[in-house]
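Here is the structure we will look at, set down as C-alpha cells.
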Amino acid sequence: MSKRSRFLLTLLVLGVNTAFLLPILDSPYLGDDSWRESLTRGLLLLSDKSLWELCRQISKDFISSGRWYPLIIYYYPVFFHIGQHAYKIMTLLFIVGNVMLFGWLVTLVSRSVKLGIAAMMAPPLSMQFRMYHDAILSYYFLMQIEFAFLMLSVVCFVLYLRRPRPWIYIASVLSYLICLLIYEVSYFFWAAHVVLSYHRFGGHRWKQALSTSFPFVAVSALNFGVMLIIRAQFGVYYEGVQSQFAPMQCLTTFAKQLFSAIPLSYYASTPAIQDFFMWSDMFSSELLIAACASWGLVWYTLWRQENAPRPENEPSAAGTLAALGIVIWMAPSIPIALSAKYQRELQWGLGYLPTYVSAFGVDLVMLAGLAFFSSGLRTATRPAREAFAIGAALVGVAVTAITFNSNWIVVQKYAYAERFPRALIENALERGLLHPVTDKSFLICGEPFRSWDNPPFFKQHSGMTLQVVKPTGFEHDEDMGSTSIEQAFAEYAAADRPGCYDFTCLVDCKQVFSGYDLVFKGLGWPVLSKVTTQSSKPETPSVFFLKYEASSEAVGYAVLAKLRGIKISAGEIVEISADRTWVFAALPSASALRNLRITCKYIDEQNQSTQLPGFDQRQLRTVRVSDREMIFELPPCSDGLFADPRFVRPEIEGHLAINTASHDRMNR
C-alpha cells in the first residue's frame with residue numbers, strides 16, 4: 001500500500017469515526033458539568049473570587065478529601081473560557097485524537113499499517129452513550145485526556161524499546177505520571193509496559209524486561225503510597241473513593257464494569273433504549289447510511305484474505321496485542337470494583353467512566369482474535385475467504401448501526417430532559433424575563449426540578465443575585481446555595497395555618513441575606529454559602545415563582561409570578577397565590593404567536609380553585625416582543641382572585657402551545 005493510499009484511507013476512517021460521533025454535538029451539559037462546572041463563571045461572580053483562587057483552593061480541597069489527583073483541576077479554566085458548543089466540539093476532537101493514537105500503537109506493535117487502520121475502525125462498534133455518568137457526553141473529557149497520556153506513554157515506550165533514547169524513555173514515564181495525577185484509575189496501567197517489555201526481550205531476558213518496566217511500577221507505587229498517606233491523614237468523605245473489600249461484591253462489580261465495555265452491552269441491557277429503537281428514524285439517515293457503507297467497504301477491503309492485515313511477526317505480536325488489550329480492558333476496572341459507591345450503583349451494561357478506556361481494550365482483543373483467525377484461513381478456498389471478509393464486514397456494519405442508533409436515542413432523551421429546557425430558560429433570562437425581580441429576592445423553582453436551577457446559574461445568565469428555593473430536588477442543591485422552603489421561609493410561617501407561608505406581612509427578621517461566599521469543606525468541590533447581616537427594620541419578603549417547559553431549543557414557555565403566599569404539604573407545594581404573573585413564550589412561527597391564548601387557574605380567599613376562560617393576545621400586556629418570542633403580563637383579576645402560576649398554560653386553538661407528545665414518549 002502506497003503512502004498516499006494509506007493517508008487517504010486513514011482520513012476516510014477518521015471521517016467515519018467523526019460521523020458516528022456527531023450526536024455528541026447535540027448533547028447538553030450532563031452530570032457534574034450541568035450543575036457545577038458549566039456554572040464556574042456564576043460561582044466566581046457570586047463569591048467575588050478569582051479563577052486562580054478557585055483552582056488553588058479546589059486542589060487543596062481534593063487532597064483534604066483523600067483524593068490524590070491534583071491535575072484534575074484543569075476543568076475549571078476549561079468551563080470558564082469556553083461555552084457548550086465549543087466544549088462538545090473539543091470532546092469530539094479529543095476522541096478522534098484517541099482513535100489516532102490507538103491506531104498508532106497497534107501499527108507500532110504489529111508492524112502492520114493495515115492492522116493499525118483496522119484498529120481505528122473498531123471504536124464505532126464500542127463507543128456507547130449511557131444515561132448515567134457518561135465519559136463521552138460529560139465529565140470534561142477526563143477519560144479522553146487520561147487515555148491520550150496512556151497511549152503516549154506506551155507509544156513512547158515501544159519507540160524506546162525499538163531504538164533506545166533517554167528522552168523518549170523519560171517522556172514515557174512522565175506521560176504515565178501525568179495519568180496518575182489526573183485520575184486514580186491508572187494505578188494498574190503499568191502492566192501494559194510489562195507486557196510490551198516482555199514482548200521485546202522475551203522470557204530468556206526477563207531481568208532486562210523487568211528493569212526496563214520497573215520505573216512505571218515504581219511511579220505507580222509511589223503515587224499509591226502518597227494517596228494512602230493522604231487518606232490516613234484526612235480520611236475519605238466521598239463514597240466514590242471509599243474502598244469496601246467484600247469479595248463477592250468486588251467481583252460482581254468488576255464483572256459489571258468489564259461487561260459494560262463490550263459492544264452492544266448497554267443496548268442489550270436497557271429496555272428503555274430497546275423500546276424506542278424500532279420507531280427511530282435514524283436508520284434512514286443519509287449520514288448513517290453513508291458512514292455504514294464507508295465502514296463496511298473499508299473493512300472488507302482491509303480484511304480480504306489476499307491482503308488481510310496481520311502482524312509481521314505473528315503469532316507473537318498477535319498474542320502481545322491480545323495481552324495488551326486485556327490489560328487496557330481490565331486495569332481501569334479494578335479501582336471501580338473496590339468502590340463502595342459503585343458496588344451499589346452499577347448494573348449490567350451500565351459501567352462508570354473508565355468504561356471508555358476499557359472499550360479500547362475490548363477492541364484490541366477482538367482485533368487480535370480476528371488477525372489470528374484470518375491467518376488460519378490462508379489454506380482455505382477463495383470463496384471461504386471472501387465469505388469471511390464479507391461476513392465480518394456485515395456484522396461490523398450491523399453493530400455500528402445499532403450502536404449509533406442507541407447513542408442517538410440517548411442524546412434525544414437528554415435533549416428533551418435537559419438541553420431544550422435549559423436553552424429555553426437561558427434565552428428567556430437573556431431576553432429579560434426577570435425584569436420585575438429585584439436583587440436578593442427569593443426565587444422558588446417549580447416542577448420539574450432541574451439540577452442547574454441554582455444561584456450561580458441565574459447569576460451567570462441574568463446578572464442577578466437570587467435566593468433560590470426548591471421544595472425538593474437535586475442532592476447537591478444545598479452545596480450550590482439553594483435552600484428548602486422550610487429553611488428559606490421559617491420566619492414567614494402562619495402560626496394558625498400549618499404549612500402556610502404569608503409574604504404580604506412585615507416581619508422583623510433577625511438576619512437578612514447579603515450575598516454568597518465560597519467555602520471549601522474537603523468535599524472535592526466548592527460549597528456556596530449564604531452570607532447574612534443583622535436586620536435593622538421589619539421587611540416584606542420579595543418572593544417569586546418560576547417554572548418552564550420546552551419541546552425544542554426554540555419552542556417553549558416560562559412563567560414568572562410575584563407571590564402572596566404558598567401552602568406546602570409533605571414537602572411539596574400544593575397551593576400558590578400570585579399578585580402578578582408574566583409569561584415568556586417562544587413559538588415556532590409569528591402566526592402561532594398571534595393566535596396565542598393563556599389559560600390559568602385562580603385561587604380565591606377561601607382557597608377554592610377557579611378555572612377562568614383565559615386571555616387572548618389582545619388582553620395581555622406586552623412587555624417585550626420579537627418575531628417568535630414574547631414576554632407579556634397577565635391582566636389583573638377581580639378582587640379576591642389570585643393566579644396559581646403552576647397552572648398557567650399557553651394554548652393555540654385549544655391545544656398546548658408546545659408539543660409534549662414527543663417529550664412524554666422520550667421520557668417514559
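The values are calculated or read from the model by the stated rules, or taken from the named source; none is laboratory data. All values derive from a computational prediction rather than experimental measurement. Glycine also receives a Cβ, built like all others from the backbone with ideal geometry; neighbour counts cover every protein chain displayed. Only protein heavy atoms, including side chains, enter the accessible area calculation; ligands, DNA and RNA are left aside. Shrake-Rupley method; radii C 1.70, N 1.55, O 1.52, S 1.80 Å.
Worth a mention:
- The range 351-369 versus the range 255-273: alpha-carbon centroid distance in Å: 13 Å
- Normalised contact order of the range 176-267, rounded percent, pairs of Cα under 8 Å and 6 or more residues apart: 21 percent
- Rounded to the nearest 10 degrees, the angle from helix 84-110 to the longest Cα principal axis of the chain is 10 degrees.
- The range 512-564: projected area of the alpha-carbon convex hull, averaged over directions, in nm²: 6.8 nm²
- Projected-area mean, the range 374-445, by convex hull of Cα positions, square nanometres: 8.9 nm²
- Whole-Å distance, taken between Cα centres, linking the range 199-248 and the range 10-25: 35 Å
- Relative contact order, percent, the range 1-126 [alpha-carbon distance under 8 Å, six or more residues apart]: 33 percent
- Förster radius 35 Å - calculated FRET efficiency between Arg618 and Asp439 (Cβ-Cβ, nearest 0.05): 0.55
- Evaluated at q = 0.11 Å⁻¹, a Debye calculation over the C-alpha positions of the range 473-537 (equal weights, vacuum) places log10 I(q)/I(0) at -0.36.
- Here the range 95-232 has an Rg and Dmax of 16.1, 50 Å, counting Cα atoms alone.
- For the chain, the longest principal axis of the alpha carbon atoms and the long axis of helix 382-414 meet at an angle near 20°.
- Three-way shape call for the range 435-504 based on the alpha-carbon gyration tensor, with the a/c threshold at 1.5: oblate
- For the chain, relative contact order (Cα pairs under 8 Å, six or more residues apart, normalised by length) works out to 15 percent.
- The H on the amide N of Val623, modeled in the peptide plane, is under 5 Å from the matching H of Ile631, Phe632, Glu633, each at least 5 residues off or on a different chain.
- Restricting the calculation to Cα atoms, the range 406-553 shows an Rg/Rh of 1.01 when the hydrodynamic-style radius is the Kirkwood one.
- Built amide H within the under 5 Å cut-off of Phe647, gap 5+: Lys601
- C-alpha center-to-center spacing [the range 86-140, the range 498-524] in angstrom: 48 Å
- For Asp477, no residue 5 or more places off, or on another chain, has a built amide H under 5 Å of its own.
- Rg in Å to one decimal, and Dmax rounded to a whole Å, for the range 1-81 via C-alpha atoms: 19.6, 60
- Mean shadow area of the range 490-588, taken as a quarter of the surface of its Cα convex hull (nm²): 9.8 nm²
- Only protein heavy atoms count here; on that basis, with a 1.4 Å probe, Arg344 has an accessible area of about 140 Å².
- Estimated [θ] at 222 nm from DSSP helical runs (n ≥ 4, -39500 (n - 2.57)) normalised by residues in the chain, nearest 500: -15500 deg cm²/dmol
- The range 207-253: equivalent-ellipsoid semi-axes (sqrt of 5 x gyration tensor eigenvalues, Cα, Å): 28, 18, 7
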